[in-house]
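Working notes for the structure below.
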Amino acid sequence: MHYNPVAQKYKIILHTKYLTQEEFQEFFSIIVPLKEYTVRFLNPYTGGMTTANCYRGDRKVTMKWNRTDKGILYNPTDISLIEL
């Protein structure tokens with residue numbers, strides 16, 4: 001077996017804070033419809049800023065609890081942004 005890499009791509013995992021139902025809906029109403037993102041991030045390998053065109057990958061959402069005084073809370077959400 002031989003390993004011949006074709007290209008090196010970045011995968012950025014966007015990790016949110018705890019979200020209320022309103023924040024969750026606002027966040028996903030912006031993220032979900034877009035097909036492509038231009039992301040500028042701190043590259044840990046070079047120590048500088050890097051810009052990459054990415055698509056949205058996996059989304060992981062977990063509901064935490066339902067509190068009537070604070071609304072429904074969600075655990076921090078993870079979204080993969082993968083370079084095209």
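For the stretch 1-22, the candidate set comprises residues that are surrounded by 13 or more Cβ atoms within 10 Å (Cβ to Cβ), outside any strand (DSSP E or B) and under 15 Å from the mean Cα position of the chain (by Cα); within that set, the residue that is modelled with the lowest pLDDT is Tyr18.
So how many residues does the stretch 23-41 have that are assigned to a strand (DSSP E or B) and surrounded by 10 or more Cβ atoms within 10 Å (Cβ to Cβ)? Total meeting the criteria: 3. Against the conditions (1) part of a loop (DSSP other than H, G, I, E, B); (2) within 12 Å of the chain's Cα centre (by Cα); (3) of a type in the set (Ser, Thr, Tyr), Tyr45 satisfies every one except (2).
The values are calculated or read from the model by the stated rules, or taken from the named source; none is laboratory data. If you're wondering where the values come from, they're calculated on a predicted model, not measured in any experiment. Neighbour counts run over all protein chains shown; Cβ positions are idealised from the backbone, glycine included.
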